1. Cα extents of the range 26-120 along the three principal axes, largest first, in whole Å?
2. Treat each spin label as a single point 7 Å out from the Cα along the C-beta direction, and report the residue 100 to residue 36 distance in nm.
3. Which residues in the range 34-52 have a backbone N closer than 18 Å to a point placed 7 Å from the Cα of residue 86 along the Cα-to-Cβ line?
């Protein structure tokens, strides 16, 4: 009987622990010790679970364009709590919007990163990531009506 209860408890704990450990490999996927800041132009924005995605182009000094993507760590629910609903976020990050973006780059060397800081052309914080890192609580940008 003791063995049976121990097996059930062990199985229950494993069923919780394995998905939690597999959720995100932030430290494994992105190099948080080497953030890079880029001037970019938004090409697409997806306000979706588990984390919104931003696609943007970076033009180098020779006119070459690199296509990047970044992942926001506040999820849509957290963003909504801070006033960044879907409509407001999509309006702030419409295609063609010029941004300055700081990302923790992919450890694999690809043009992908975890978004640490995102500013619009006026230097306003977008989507509550300034100063934060993955898992940081969202901070609002300029006061606007919640949607």
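Quick note: the coordinates plus some simple rules give every number you see, no bench work behind them. Model, not experiment: these values are computed from the prediction. With ideal geometry, Cβ positions are generated from the backbone for all residues, glycine too; neighbour counts draw on all protein chains shown.
1. 39, 31, 17
2. Between residue 100 and residue 36, the simple spin-label model gives 1.8 nm.
3. Inside the label zone: 44-52.
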